[in-house]
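This report refers to the structure that appears directly beneath it.
The values are calculated or read from the model by the stated rules, or taken from the named source; none is laboratory data. No experiment lies behind these values; they were computed from the predicted model shown. Here the Cβ positions follow ideal geometry from the backbone for every residue, glycine too, while neighbour counts run over all protein chains shown. Areas reflect the complete protein model, heavy atoms only, side chains present, ligands, DNA and RNA absent. Shrake-Rupley method; radii C 1.70, N 1.55, O 1.52, S 1.80 Å.
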Amino acid sequence: MALLSQHLPTLDESHDLPLYQQLQRALRDAIEKRVLGPDDALPPERDLADDLNVSRITVRKAIDGLVDEGLLVRRQGAGTFVCARVEKNFAKLTSFSEDMRARGRKPRSVWLNRAAGTVTPEEALTLRSSPGTPVYRFNRIRYADDAPMALEYATVLASCLPSVDAVETSLYEALEKNGSRPVRALQRLRAVLFTAEQAKLLKAQERDAGLLVERLGFLKDGRAVEFSQSYYRGDTYDFVAELNAST
């Protein structure tokens, strides 16, 4: 790979953004455009600072932010690399498509089923809706590039989308277009072993370790709008969260 600095824009001290944020944006863009691919190493901080004519503190601060986002990873004694595994910040309410694009991966789906219906008794309880409430169900395999990452089973109130065909790649993008994107969610994470059917769909082995994430999404007015169950491959996905001591 040619010098990374040749692919980065000139950092401008007169810009509204601080230099480290400009560098973060430039590195993020390089990852999205595959100038930097999974497992590629970044130049040493000293070299990058010299090439860009900025301080090492600026470079370190920019890289620290991307490490926190899960885009980069530091390996003791080896350097800083673009993450090959996907790290999902469990404290941020983002969609699968947004997570993949932010990491320079192309999201796509293979539909297993999408259909209109009414809530089951369990869904009515979870979504806090009345019996007979119309819903749309979206069941699909989620891919990053050509790698299967997760099985997603989502139920959404039909009033929040114009039709069951409104969802193309991203459910959250479709909800946002209709003014119904969740602004907060309750999530539950637990370990599971894949069934034979799940393993086949994810190109894994039966009883391989997986992660089940259940999400209940809410609108600004407090109404529950979405309930999803997503089964992630444990060998490709990490969930991280920042913890702070209570004061």
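Some notes on this structure:
- Residues in region 59-113 that are within 26 Å of residue 176 (Cβ to Cβ) and of a type in the set (Gly, Ala, Ser): 8 in all.
- Selection status of residue 81, aromatic (Phe, Trp, Tyr) and crowded, with 19+ Cβ neighbours inside 10 Å: no
- Within region 15-34, residues that are more than 14 Å from residue 69 (Cβ to Cβ) and assigned to a helix (DSSP H, G or I) reach partners that are of a type in the set (Asp, Glu) and open to solvent by 60 Å² or more (accessible area, probe 1.4 Å) with beta carbons closer than 9 Å, at six or more positions or on different chains, in the pairs 19/12; 19/13; 22/12.
- Hits in region 137-155 - residues which are open to solvent by 30 Å² or more (accessible area, probe 1.4 Å) and at pLDDT below 95: 145, 146, 147
- Of residues in region 44-73 being touching a Ser or Thr at 6+ places or on another chain (Cβ under 8 Å) and outside any helix (DSSP H, G or I), the one farthest from residue 27 (Cα to Cα): 73
- For region 1-24, the set of residues classified as buried (at least 16 other Cβ atoms within 10 Å of the Cβ), touching a Leu at 6+ places or on another chain (Cβ under 8 Å) and modelled with pLDDT of 85 or more consists of 8, 11, 19, 22, 23, 24, listed by residue number.
- Residue match in region 156-172 (condition: among the charged types (D, E, K, R), within 23 Å of residue 237 (Cα to Cα) and either part of a helix (DSSP H, G or I) or open to solvent by less than 10 Å² (accessible area, probe 1.4 Å) (or both)): no
- Residue match in region 109-117 (condition: closer than 30 Å to residue 27 by Cβ and surrounded by 12 or more Cβ atoms within 10 Å (Cβ to Cβ)): yes
- Tally of residues being at pLDDT 95 or above, open to solvent by 50 Å² or more (accessible area, probe 1.4 Å) and under 11 Å from residue 234 (Cβ atoms) across region 192-210: 1
- Selection within region 84-106 - open to solvent by 20 Å² or more (accessible area, probe 1.4 Å), of a type outside the set (A, V, I, L, M) and closer than 21 Å to residue 35 by Cβ: 85, 87, 98, 101, 103, 105, 106
- Sub-6 Å Cβ pairs linking a first residue in region 91-112 that is closer than 17 Å to residue 65 by Cα and part of a strand (DSSP E or B) to a second residue that is open to solvent by less than 80 Å² (accessible area, probe 1.4 Å) and among the acidic types (Asp, Glu), at least 6 apart or interchain, number zero.
- Considering each residue of region 116-134 in turn, none proves to be part of a strand (DSSP E or B) and either under 16 Å from the mean Cα position of the chain (by Cα) or within 30 Å of residue 84 (Cβ to Cβ) (or both).
- The number of residues in region 213-230 being in a strand (DSSP E or B) and either open to solvent by less than 40 Å² (accessible area, probe 1.4 Å) or not aromatic (Phe, Trp, Tyr) (or both) comes to 12.
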